[in-house]
Amino acid sequence: MTDRAVRILVAAAEFVGLPSLWVVLRHEHVPNEEGHCLGCRPTEDVHRDWPCRTRQFADRAWSVHIHRGE
């Protein structure tokens, strides 16, 4: 596991305590027909591919939440 992946897991473990936030992020950051994230704002006409980092982070928090049985 990369250092970045470890940092994401550690942050997600803290983020898991805020379900009202990660639930919203999981609902907003969904793919469109072209496979781009609807929740991310395009920058300079560049659209983020889905799953974006925000969705990945929220999914990690959800996964930790499920595994903890919260």
Once amide H atoms are built 1.01 Å from N in the peptide plane, which residues 5 or more positions from V30, or in another chain, come under 5 Å H to H?
-> L38, G39
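Calculate, in nm to one decimal, what A5 and T43 gain on full extension: separation in residues at 0.36 nm each, minus their alpha carbon distance. Intermediate values should be presented prior to the final figure.
Details: separation 38, 0.36 × 38 = 13.68 nm, distance 2.49 nm.
Net length gain for the segment: 11.2 nm.
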Within the chain, helix-based [θ] at 222 nm, where runs of 4 or more DSSP H residues each add -39,500 (n - 2.57), nearest 500 = -17500 deg cm²/dmol
Dipole magnitude of the chain about its Cα centre, charges +1 at Lys/Arg Cβ and -1 at Asp/Glu Cβ only, in debye to the nearest 20?
-> 300
Binned at 5 Å from zero, the C-alpha pair distances of the chain give percents of 4, 18, 24, 21, 17, 12, 4, 1, 0
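Every number here is computed from the coordinates shown, using simple stated rules; none is lab data. It should be emphasised that the depicted structure is a prediction, and the values quoted were computed from it without experimental measurement. Using ideal geometry, Cβ is built from the backbone for each residue, glycine included, and neighbour counts are taken over all protein chains shown.
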